[in-house]
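Scroll down for the structure; my scribbles are underneath it.
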Amino acid sequence: MEKNNLENDDVCEVFDSHEDIVNRVKERMPSEEQYSDLSEFFKIFGNPTRLKIISLLAVEDLCVCDICEALDLNQTTVSNQLRILRASNLVKYRKEGKMARYSLTDLHIEMIYKVGLEHILE
């Protein structure tokens, strides 16, 4: 195939938008603020250490020491990432005596992680 055919194969040959379809999809678009919030939300998933923590917590609630041991990381590194995850409402903790046990805030976080992993494994 010619190079020019490959470059233009992914666009319409004529520009003629479908007003009814465009209006229908525009009505369902989130607000600019919601897009901004969603963008910030997905940025949190852009760090491998945070993803590793999420993957562990998708299996079981863990204390900070267990997370450090499982990931072979020091407590400062793990605590910093947990702080970011907590601030973004992705994880929560509960005190059990002198220990802080972390868990995912809800099933949505686990689902987002698992769907993303499933997608890259295809």
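Seen against the Cα atoms of the chain and their longest principal axis, helix 32-44 is set at about 50 degrees. Among the trypsin sites (Lys or Arg not before Pro) within region 19-92, those in coil by DSSP and having at most 15 neighbouring Cβ atoms inside 10 Å are 28.
Could you state the angle between the C-alpha long axis of helix 48-57 and the longest principal axis of the C-alpha atoms of the chain, as a value from 0 to 90 degrees rounded to the nearest 10? The two axes meet at around 60 degrees.
Around residue 60, with a cut-off of 12 angstrom between Cβ atoms, what is the net charge of the other residues, counting Lys and Arg +1 and Asp and Glu -1?
Details: positive: 101; negative: 61, 66, 110.
Taking every other residue near residue 60 into account, the sum is -2.
Using the number of other C-beta atoms within 10 angstrom as an exposure proxy, rank 20, 37 with the fewest first. Please list the in-between numbers first.
On the way: 20 8, 37 12.
Arranged by neighbour count, lowest to highest, 20, 37 become 20, 37.
Legend: Rg and Dmax of region 32-121, from Cα coordinates, 13.2, 43 Å. For residue 100, the amide hydrogen comes within under 5 Å of the amide hydrogens of 64, counting only partners 5 or more places away or on other chains and with H modelled in the peptide plane.
Approximating the spin labels as points 7 Å out from Cα along Cα→Cβ, the residue 103-to-residue 79 distance works out to 2.4 nm.
At 0.36 nm per residue, and after removing the present C-alpha to C-alpha distance, how many nm does the segment from residue 115 to residue 92 gain when stretched out fully?
Stretched out fully, the residue 115 to residue 92 stretch lengthens by 6.2 nm.
Every number here is computed from the coordinates shown, using simple stated rules; none is lab data. Since the model is a prediction, treat every value here as computed from it, not as a measurement. No Cβ is skipped: glycine too gets one built from the backbone with ideal geometry, and neighbour counts run over all protein chains shown.
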